[in-house]
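Step one of this worksheet: look at the structure below.
Values quoted throughout were computed directly from the atomic coordinates according to the rules given, and no laboratory measurement underlies them. The shown structure was predicted, so the numbers you read here are calculated from the model rather than taken from an experiment. Glycine also receives a Cβ, built like all others from the backbone with ideal geometry; neighbour counts cover every protein chain displayed.
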Amino acid sequence: MNTREKLLGLNLAQETVNIDGITVIVKEMTAGEGAEYENSLYKIIGQSVKMDMKNARSKLIALTCYDEQGAKLFDKKDEEQVKLLPNRVAAKLFDVASRLNNLTSDGQIDVDGAVKN
């Protein structure tokens, strides 16, 4: 197996989270999902780009949470529903997803400590 095949064969990191007897699998995002998430945090206003953290938690939770069979729990259209989760639940899922995906406090993906807060 060559290096390319080895890289493409790597598994996504994941962690099992139990909340009130409900098992949720939180997974690392793929490169494409990571780019989608980061892009969703920016807004073009006039000729400038501004960071927009509105709904960052619900967006990340929707992208990273799965059931025990591996099915995604939420779609992009479910972000409004995710915002209705109890805060303790959303905070726990977001914290795990942030850690698994090397996110900084401003939502950027930290690649080997390159992003400084």
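Can you report the number of residues in region 4-19 which are in contact (Cβ under 8 Å) with a residue 40 or more places away in the chain and in a loop (DSSP other than H, G, I, E, B)?
Going through region 4-19 one residue at a time, the tally reaches 1.
Could you check how many residues of region 44-78 are of a type in the set (Asp, Glu) and surrounded by fewer than 12 Cβ atoms within 10 Å (Cβ to Cβ)?
Going through region 44-78 one residue at a time, the tally reaches 2.
If I go through region 20-43 residue by residue, how many of them are loosely packed, with under 14 Cβ neighbours inside 10 Å and in a helix (DSSP H, G or I)?
4
Inside region 63-91, can you point out the residues that are under 24 Å from Tyr42 (Cβ atoms), out of contact with any Phe, Trp or Tyr (no Cβ under 8 Å at 6 or more places or on another chain), not in a helix (DSSP H, G or I) and not basic (Lys, Arg)?
Within region 63-91, Phe74, Asp75 meet the criteria.
Go through (1) closer than 16 Å to Asn39 by Cβ; (2) part of a loop (DSSP other than H, G, I, E, B) and name the single condition Leu60 misses.
(2)
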